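Taken together, the values in this text are just the output of simple stated rules run on the coordinates, not laboratory data. Being a predicted model, the structure only gives us computed values, none of them experimental. A quick note on method: Cβ atoms are made from the backbone with ideal geometry, for glycine too, and the neighbour counts reach across all protein chains shown.
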Amino acid sequence: MSRVRFRPARASAAAAPVGTAGEDAVELTRGQNRAVRRRSLALLGSLLRPRRARFLFTITLVVLSQAARVAGPAVIAFGIDHALPALQSGARLPLLGAGAAYLTAAVLAGVLTAGYVAATAALSQAMLLDLRLRVFRHTQRLSLEFHEKYTSGRIISRQTSDLEALRELLDSGISSLASGAMYMLFTAVSIFLLDWQTGLLLLAAFVPMYLLTRWYQKRSAIAYRGQRVASAALIVHFIETMTGIRAVKAFRREHANAERNDELTEDYRLATMRSINLNGVFQPGLVLIGNVMVAVVLLAGGFRVLDGGLEVGALLALLLYSKRFFQPVDQMAMFYNSFQSASAALEKVSGLLEEVPTVRPPKHPVQLPHAAGEVRFDGVEFRYGDGPVVLPRMDLHVPAGQTVALVGATGAGKSTLAKLIARFYDPSEGAVQLDGVDLRSLAQQDLRRAVVMVTQEAFLFSGSVADNIALGRPGASREEIVRAAQAVGAHGFIEALPEGYDTDVNKRGGRVSAGQRQLISFARAFLADPAVLILDEATSSLDIPSERQVQQGLQTLLGNRTALIIAHRLSTVEIADRVLVLDGGRVVEDGAPADLIRGEGRYAALQAAWQDSLV
Ligand SMILES: Nc1ncnc2c1ncn2[C@@H]1O[C@H](COP(=O)(O)OP(=O)(O)OP(=O)(O)O)[C@@H](O)[C@H]1O
Ligand SMILES: [Mg+2]
């Protein structure tokens, strides 16, 4: 009963990390390679260490279960060669004993195998749970700087396909390797103990088996890699098409995309076929070696039984052992594949976990529960990573309660300045202060409470409209939520939604327009009631006809807190106490809007151009 199972070498598309097609493929030096390996092992160790006892328990179960499995044929040999002759001379005990021993071994093997499968699952799931939580928490904690350079496709594949590859290894790979190796070891020992000549035959059979396995490993590593690359390319193309579906439709890319998809799918089909075909040779090859071995043992052993050099029972046991000896090889060769993809995954996940946030929480946080909202830039210079200087040395003082409008051309550095106040980044030189406290030493909670930034994207999370507003202040009552919406002029349209405040924003009918999204995020900010409010193009999607209403809502939102408004529409700027004109990261004009309009500077020119555009 040969087991020929054609298992595709991990054909699931999910097992192929998105982004392997280039992004992660960086040539490493030898030293770096060693460091990467050390990092991976350290991660594995840190997952295993708290579960040492359980690990040892699992390994013990594996060893015992395999010993029980191997005991069967030896008991049969004893039964035939010793218990049967004893029975002929009237002693029934040996045969009863042999039967009982066989039964015990069989039951033990079953129970122990069930035990180690359960123990392995518990162990691997505990490790994976730990890892999943770590990856999520860590990725979320990393600074914006990291998220801007690490594409979301890569992060997604860390959390999905990489963890999946590790799951395969931990769930089945390691235990099948361990049980396979133990099984072969015990079987080989039993064969040698029964009859060393057959042991030598077994050693001889190792040669073709080794050659076949090496052949398979080499080919399958190539085929498997090809399969992963093909599936990664397929997934990347799919994600790109579907996330950019609007542009696809707008520019009628459907046909071209479909053709590209056809090609990629065909590549993937071929690559998968190739690896399946390898298994189609390898697995029957192993079975064949096992069966040839059986024939040789039968021939050689048969003659020796005739000579009296070997007993019949021993021969039967040897035949059973020979036939089953090579069975685990196929699983172990599979292990090689899952090991390769899992170690690649481990390298990437450990690399992600090694990233440190560039914006770190303070060691000795300064509490500022009731910030007044005075903002100061003290000799601030800023560059993104090691890029060019975006803000060259800036000194700026915004007294508490002032409404400042930031204007300037695209790329002037307006958003950058805003992000520094919200501490999405730390300045490369100098310091940004809130009420005289360096943001780097301000307690994170207090910073988040004091500074709120509303951006153009106005992201809504899944949940109801009310949930989304309540994000501003978790635990806010329905009255407070409604009052916030009323204050910014969002109440009207929310009431008109199918289920009012309880409308799910992701459901049909709950889908709100870009402008409505911005109003919801205003309400959210109003509820948060920060000392410093930053609006970065946050009014860009609000329509001109409702401008009066928007202006009113905005006035209420600003109240008497410190505010920084970045807007292309100059009517929004008019409500400011002060205008800063930014150019190439420098403040080139600074004054009250009325004063600047009267002057000859850029703001006056901008204002004039804007007035012209309105008529
Ligand atoms: N994440 C980033 N990494 C590297 N460089 C960046 C990053 N964000 C912005 N920059 C660069 O910093 C400069 C200022 O960008 P910023 O976003 O502050 O401009 P902006 O004034 O807000 O422009 P816009 O009006 O178009 O929003 C630009 O030259 C831009 O290329
Ligand atoms: Mg900007």
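Descending by average beta-carbon neighbour count within 10 Å, the peptides 565-575, 270-280 line up as 565-575, 270-280, the highest first.
Which links in Lys249/Lys414; Lys363/Lys419; Lys149/Lys414 stretch past 25 Å when you go from one Cα to the other?
Details: Lys249/Lys414 33 Å; Lys363/Lys419 22 Å; Lys149/Lys414 21 Å.
Beyond 25 Å: Lys249/Lys414.
Relative to the longest principal axis of the Cα atoms of the chain, the long axis of helix 30-48 makes an angle of roughly 80 degrees.
Taking R0 as 30 Å, what FRET efficiency do you get between Ile239 and Ala118 from their Cβ-Cβ distance, rounded to the nearest 0.05? Working shown, then result.
Details: r = 37 Å, r/R0 = 1.24.
The computed FRET efficiency comes out at 0.20.
State whether region 60-181 is rounded, prolate or oblate according to the following rule on the C-alpha gyration tensor (a ≥ b ≥ c being the square roots of its eigenvalues): a/c under 1.5 gives rounded; otherwise a/b larger than b/c gives prolate, and the remaining case gives oblate. Prolate is the answer for region 60-181, as a/c is 1.5 or above and a/b outweighs b/c.
When the Cα gyration tensor is reduced to axis lengths a ≥ b ≥ c, the ratio a/c is 1.5 or higher for region 375-614, and with a/b not above b/c it is classed as oblate. Between helix 254-307 and the chain there is an angle of about 20 degrees, using the helix long axis and the longest principal axis of the Cα atoms.
Would you mind telling me the antiparallel percentage of the DSSP bridges in region 375-614, rounded to 5?
Numbers: 19 of 38 bridges.
Expressed as a percentage, antiparallel bridges in region 375-614 total about 50.
When the Cα gyration tensor is reduced to axis lengths a ≥ b ≥ c, the ratio a/c is 1.5 or higher for region 191-287, and with a/b above b/c it is classed as prolate.
What length, rounded to one decimal in nm, is gained on full extension from Glu148 through to Arg54, with 0.36 nm per residue of separation minus their alpha-carbon distance? Display every interim value, and only then the final one.
On the way: separation 94, 0.36 × 94 = 33.84 nm, distance 4.03 nm.
Answer, rounded to one decimal: 29.8 nm.
What does the net charge come to around Ala443 if you take all other residues with beta carbon closer than 14 Å to its beta carbon, with K and R at +1 and D and E at -1? Display every interim value, and only then the final one.
Numbers: positive: Arg360, Lys363, Arg423, Arg440, Arg448, Arg449; negative: Asp435, Asp438, Asp446.
Result for the local shell: +3.
Secondary-structure-derived ellipticity at 222 nm for the chain, considering helices only, amounts to -20500 deg cm²/dmol, per-run term -39500 (n - 2.57) for DSSP H runs with n ≥ 4. Counting DSSP beta bridges in the chain, what percent are antiparallel, to the nearest 5? The antiparallel proportion sits near 50 percent. Spin-label model, Glu480 to Ser513: label points 7 Å out along the Cα-to-beta-carbon direction sit 3.1 nm apart. Counting only residues at least eight positions apart within a chain, or on another chain, the aspartates and glutamates with an alpha carbon under 20 Å from that of Lys507 are Glu457, Asp467, Glu495, Glu499.
Can you give the extra length, in nm with one decimal, that the chain gains between Glu457 and Gln197 once fully stretched, where that is 0.36 nm per residue apart less the Cα-Cα distance? Walk me through the numbers on the way to the answer.
Working: separation 260, 0.36 × 260 = 93.60 nm, distance 7.73 nm.
Contour length minus the Cα-Cα distance gives 85.9 nm.
Computed from Cα atoms, the angle from the helix 602-614 axis to the main principal axis of the chain rounds to 90 degrees.
Please report Phe238, Phe78 as a ranked list, fewest other C-beta atoms within 10 angstrom at the top and most at the bottom. Walk me through the numbers on the way to the answer.
On the way: Phe238 16, Phe78 20.
Exposure proxy ranking, most exposed first: Phe238, Phe78.
The magnitude of the dipole of region 375-614, with charges of +1 and -1 set on the Cβ of Lys/Arg and Asp/Glu and taken from the Cα centre, is near 340 debye. Note on Asp378/Arg569: beta-carbon distance plugged into 1/(1 + (r/R0)^6) with R0 of 25 Å gives a FRET efficiency of 0.20.
Once you keep just the Cα pairs under 8 angstrom separated by 6 or more residues, what percentage relative contact order results for region 30-354? Working shown, then result.
On the way: 294 pairs, mean separation 100.9, N = 325.
31 percent.
For the chain, averaging the sequence separation of C-alpha pairs within contact (under 8 Å, six or more residues apart) and dividing by the residue count gives a relative contact order of 15 percent.
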